[in-house]
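A.B. asks: I'd like to ask you about the structure that follows.
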Amino acid sequence: MRNIYDFTLEEFKQEMVALNQKEFRAVQLFNWLYIKEAKSFDEMSDVSIKFREVLKEKYSLFLPKILVKQESLDGTIKLLLEMEDGAKVETVLMRYDYGNVLCVTSQVGCNMGCAFCASGLLKKQRDLKTYEIVSQVMVMNSLLEKDDKISHIVVMGTGEPFDNYDNVMRFIHILNCNKGLNIGARHITVSTSGLTEKIKQYGKEGLQVNLAISLHAPNDELRSKIMKINRAYPLEKLVEALKQYQIDSNNRRLTFEYIMLAGVNDNLKEADELVHFIKDNELFAYVNLIPYNEVKEMPFKRSDNTRVHRFMSHLKKNGINVTVRKEFGTDIDAACGQLRAKKEGIIEC
Ligand code: SAH
Ligand code: SF4
């Protein structure tokens, strides 16, 4: 039985036609699922009882179970969800002044093995299916009032989204559908550690979605030390892919994420290399400095404010746009991936 949140509207129209229904039936069901947030077919009062029975036989409405819910004083909500096979997945709602941003998970664990990341402690068990990514939005939305729903999505939870490319793209199409969740492409950001072939493919999708790159180091030597993936896709390859992406995406602005690791990548030397990396390669990008959430089992420490400001000033002085990421939910389990890792007994928070 296929999960109903697994279909794009186009696919669901075909399903309905195959069941001798008009295409409009798909629009009507999307309205029930994504706008009215119906949790059973019996709520769908304008669908005949007979056809509801057909739907019940063909499609599952399964949504994951909430294992843990943590709510912060700043309004951040963090959920640990359990999928049908028992896989545990985290999703986090952050409240910015421009809207409610949901950070979704794309894989169970991650194989990229970045040296600083709690998610990488748990090797990838499997990709999430399209409906399992959609279901994170549905469960979180069900906890929110009508005028307080999710308005923005970042694919920055556990996993490497471009290692699960097709499911992430189908998820984006479902989010984007104006008969359903209607979350605009400009409100959606995918973060990658730098899978270059997929970066190029993403640029060619013809969507106005955003791209964030986890850079974290401005030279190959350092980047290969803290991000294993740099050995397969060094900076030269990354730049080539980003240049292609910028051409294909009509010069959309990129975000470079840069975790501030004390004494590792937060010196003036790296700040200057970063300026050159962006300017010399003529990349249209801004830098988002990320305060590191320390993970007990890992050797890295968070940079103090003085070092963050020194780094930031150097970028600014050289004409690079830079922001420091706001921190959310500091009174609940910190970084993405930590809640799950803690539950699995891999780390202590
Ligand atoms: N795999 C993708 C997306 C998920 S990670 C990627 O790497 O881009 C999302 C972001 O969180 C990345 O920039 C990652 O480097 C960052 N991150 C990982 N562990 C962190 C930690 N302990 N503190 C702060 N940011 C962290
Ligand atoms: Fe995977 Fe991203 Fe964590 Fe690296 S930072 S291990 S790519 S989730």
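The values are calculated or read from the model by the stated rules, or taken from the named source; none is laboratory data. Since we're looking at a predicted model, the values are computed, not measured. Quick reminder, even Gly has a Cβ in these numbers, built from the backbone with ideal geometry, and neighbours come from all protein chains shown. SASA here: full protein model, heavy atoms, side chains in, ligands and nucleic acids out. Shrake-Rupley method; radii C 1.70, N 1.55, O 1.52, S 1.80 Å.
A.B. asks: For Val68, enumerate residues with amide H under 5 Å from its amide H, sequence gap 5+ or separate chain, H modeled in the peptide plane.
C.D. replies: When sequence neighbours closer than 5 places are left aside, the close amide H contacts are Leu80.
A.B. asks: If you don't mind, there's one more thing I want to ask. Which entries of Lys36/Lys124; Lys237/Lys269; Lys88/Lys228; Lys13/Lys39 have Cα-Cα distances beyond 32 Å here?
C.D. replies: Those over the limit are Lys36/Lys124.
A.B. asks: Please list, in chain and number order, the residues 5+ apart from Lys39 or on another chain whose amide H is under 5 Å from its amide H, with Hs placed from the backbone.
C.D. replies: Result for Lys39 returns nothing.
A.B. asks: Check Met156: other-chain or 5+ apart residues with amide H under 5 Å from its amide H, H built from backbone geometry?
C.D. replies: Answer set, sorted by chain and number: Val104.
A.B. asks: For the stretch 97-231, what is the Kirkwood hydrodynamic radius in Å, using each pair of distinct C-alpha atoms?
C.D. replies: Result for the stretch 97-231 stands at 15.6 Å.
A.B. asks: Still on this structure: Kindly provide log₁₀ I(q)/I(0) values, in the same order as q = 0.11 Å⁻¹, from the Debye equation applied to equal alpha-carbon scatterers of the stretch 48-152.
C.D. replies: For the requested q values the scattering log ratios are -0.43.
A.B. asks: Classify the stretch 141-182 as rounded, prolate or oblate, taking a ≥ b ≥ c as the square roots of the eigenvalues of its Cα gyration tensor: rounded when a/c is under 1.5, otherwise prolate if a/b is larger than b/c and oblate if not.
C.D. replies: Cα axes put the stretch 141-182 in the oblate bin.
A.B. asks: Sticking with this one: Could you quote the convex hull projected area for the stretch 1-45, Cα atoms only and averaged over all directions, in nm²?
C.D. replies: 3.2 nm²
A.B. asks: Against the 2.2 N^0.38 Å scaling, with N counting residues, where does the stretch 180-267 land? I'd like the Cα-based Rg ratio to two decimal places.
C.D. replies: 1.17
A.B. asks: Once Rh for the stretch 183-327 is found with the Kirkwood sum over Cα pairs, what is the Stokes-Einstein diffusion coefficient at 10 °C and 1.306 mPa s, in µm²/s?
C.D. replies: 102 µm²/s
A.B. asks: Could you tell me what a quarter of the Cα convex hull surface of the stretch 94-135 works out to, in nm² with one decimal place?
C.D. replies: Across all orientations, the stretch 94-135 yields a mean hull projection of 4.0 nm².
A.B. asks: Scanning the chain for helices, which whole DSSP H stretches are 27 Å or more long along the axis (Cα) and average 0.5 or more by Kyte-Doolittle?
C.D. replies: Span-like helices here: none at all.
A.B. asks: Write down the accessible area per residue of the stretch 201-287 in Å², having rolled a 1.4 Å probe over the full set of protein chains.
C.D. replies: So the stretch 201-287 comes to 43 Å² accessible per residue, rounded to a whole number.
A.B. asks: Based on the Kirkwood radius over alpha-carbon pairs, what value in µm²/s does the Stokes-Einstein equation return for the translational diffusion coefficient of the chain at 37 °C and 0.692 mPa s?
C.D. replies: The diffusion coefficient I find is 155 µm²/s.
A.B. asks: Relative contact order for the stretch 1-149: what percent, with Cα pairs under 8 Å and sequence separation of 6 or more?
C.D. replies: Averaging sequence separation for qualifying contacts and normalising by length gives 19 percent for the stretch 1-149.
A.B. asks: In whole Hz, what ³J(HN,Hα) sequence does the stretch 178-192 give by Karplus (6.51, -1.76, 1.60; θ = phi - 60°), x for Gly and Pro?
C.D. replies: Here the 3J(HN,Hα) series is 6, 9, x, 5, 6, 8, x, 4, 5, 8, 10, 10, 10, 10, 10 Hz.
A.B. asks: Let me ask something additional. Would you mind getting me the FRET efficiency between Arg253 and Arg310? Use the beta-carbon distance for r and R0 = 22 Å, nearest 0.05.
C.D. replies: After rounding to 0.05, the efficiency reads 0.35.
A.B. asks: Among Leu144, Val134, Ala38, which residue has its Cα positioned farthest towards the positive end of the charge dipole of the chain, with +1 placed on the Cβ of Lys and Arg, -1 on the Cβ of Asp and Glu, and the dipole taken about the Cα centre?
C.D. replies: Val134
A.B. asks: For the stretch 209-336, what relative contact order do you get, as a whole percent, if you take Cα pairs closer than 8 Å and at least 6 residues apart?
C.D. replies: 26 percent
A.B. asks: Another question about this same structure. Which order, highest average first, do 148-161, 259-272 follow once you tally other Cβ atoms within 10 Å for each residue and take the mean per peptide?
C.D. replies: Result, highest mean Cβ count within 10 Å first: 148-161, 259-272.
A.B. asks: Where Rh is the Kirkwood radius over the Cα pairs of the stretch 242-326, the temperature 10 °C and the viscosity 1.306 mPa s, what D in µm²/s does Stokes-Einstein return?
C.D. replies: It comes out at roughly 117 µm²/s.
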